[in-house]
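Values quoted throughout were computed directly from the atomic coordinates according to the rules given, and no laboratory measurement underlies them. Only a predicted model underlies this, so the values are computations on that prediction, with no experimental measurement involved. Cβ coordinates were reconstructed from backbone atoms using ideal geometry, including for glycine residues, and neighbour counts include every protein chain displayed.
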Amino acid sequence: MKHQQLLADEVREWIDQADRVVFLTGAGVSAESGIQTFRQAHDGIWKQYSPLDLATKEAFLKNPEHVLAWYAERRAKIELCEPNNAHLAIADLQSRKTVTVVTQNVDGLHQRAGSQSVIELHGNIISESCLDCGATDHETPHDMPPYLRYCAFCGGCLRPNVVWFGESLPEQAFSTAVDTMRQADLLFIVGTSGEVYPAAKLPEYVDKKCCRIVLINPDATPHAQMADAFFGGKASELLPQLLGEYA
Ligand code: BJW
Ligand code: ZN
């Protein structure tokens, strides 16, 4: 097995050679900003709560106040968090490469770090959508009160603009993500357990003849099988080292 330093030099060469660099990111990229991941053994959200009680349409219809209160609390925490060096290193690479971020995160931290091309696969926790007509341009009060409010266009219930289990991903976002993968010269998979579909399937769309895949995660995930290089560690330490500017 290659020493991690040799491998890092090789990845830097891959970056130099690449035009289009794509990042598929998950909760781990925001972990060091203080945002809880979902599936980690000790402190993952789904170790504390059942996804069926909070992240499904059925849960929302059964007890909207409970679901809204949980989202209001998470949103308030996220607003206090700042992008970390992983988000910043990715944004910084834009000055040298065509960079697209395909993220499962709903926290908006890539955009706050300055990334300009961000595809949000699972929506955004800051906005709301209408359960009936899907409209997303609502005047959401800043503190997002945890009681039901209604759509100004059709009167339907407003809900967090995120993708719950059993719901389809936003069509446009997913098809753009597939195209982005197909055109990638280099793909970094960062901070995702690779357990949630269809997001986890996206790396399968890269052109394996010309696109290399680099995995960054403290643990080897199922994506390790298709990766050309695996770096076991934290995104906020590894990405600045690999991408250059923050070393
Ligand atoms: C670090 C780190 C550091 C820590 N640095 N790394 C095929 C097979 C099996 C099941 C399915 C399938 N296709 C569909 C399904 C069902 C389901 C699914 O995937 N279930 C599996 C869990 C079994 N998928 C869906 O339901 C999806 N919809 C769908 O398929 O629609 C079609 C359909 C329509 C109608 C009927 C049926 C199907 C929708 C999925 C929506 C996911 N939603 C959530 C919640 C979003 C809103 C919210 O935030 O409240 O999205 S769940 C949660 O998981 C969230 C995340 O985006 C997503 C992915 O999690 P992520 O980002 O990978 O986080 P973790 O916690 O899992 O991992 C963190 C990683 O970071 C770990 O690996 C750590 O090691 C690492 N890490 N610190 C770097 N410092
Ligand atoms: Zn509506």
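Would you kindly work out the equivalent ellipsoid of the stretch 100-161 from its C-alpha gyration tensor and give its semi-axes, the square roots of five times the eigenvalues, largest first in whole Å? Don't jump to the answer; show the numbers that get you there.
Working: eigenvalues 121, 31, 16 Å².
Three semi-axes, in Å: 25, 12, 9.
For the stretch 128-189, the square roots of the Cα gyration tensor eigenvalues, ordered a ≥ b ≥ c, give a/c of at least 1.5 with a/b greater than b/c, which places it in the prolate category. Judged by the ratio a/c of the largest to the smallest principal axis of the C-alpha gyration tensor, the chain counts as prolate, that ratio being 1.5 or greater while a/b is larger than b/c. Computed from backbone phi, the HN-Hα couplings of the stretch 76-89 come to 4, 5, 4, 4, 7, 8, 10, x, 9, 5, 6, 4, 5, 5 Hz, rounded to whole numbers (Karplus: 6.51 cos²θ - 1.76 cosθ + 1.60, θ = phi - 60°; Gly and Pro given as x). Treating each Cα of the stretch 82-214 as an identical point scatterer and summing with the Debye formula, the log10 of I(q)/I(0) at q = 0.12 Å⁻¹ comes to -0.55.
Take the alpha carbon gyration tensor of the stretch 185-247, find the square roots of its eigenvalues, order them as a ≥ b ≥ c, and report rounded if a/c is under 1.5; if not, report prolate when a/b exceeds b/c, else oblate.
Values: a/c = 2.12, a/b = 1.33, b/c = 1.60.
Verdict is oblate for the stretch 185-247.
Put simply, when 182-189, 147-154 are sorted by average Cβ atoms within 10 angstrom per residue, most first, you get 182-189, 147-154.
Could you give the Stokes-Einstein D for the stretch 34-79 in µm² per second, using the C-alpha Kirkwood radius, 20 °C, 1.002 mPa s? Using the Kirkwood radius from Cα pairs, D works out to 191 µm²/s. Amide H to amide H, with H built 1.01 Å from N, T98 comes under 5 Å of V21, counting only residues 5 or more places away or on other chains. Out of all DSSP beta bridges with both ends in the chain, state the antiparallel percent to the nearest 5. Of all bridge pairs located within the chain, approximately 20 percent are antiparallel. Working note: Cα atoms of the stretch 142-247, range along each principal axis, descending, whole Å: 50, 29, 25. With the gyration tensor restricted to C-alpha atoms of the stretch 1-142, the semi-axes of the equivalent ellipsoid amount to 33, 19, 13 Å, longest first.
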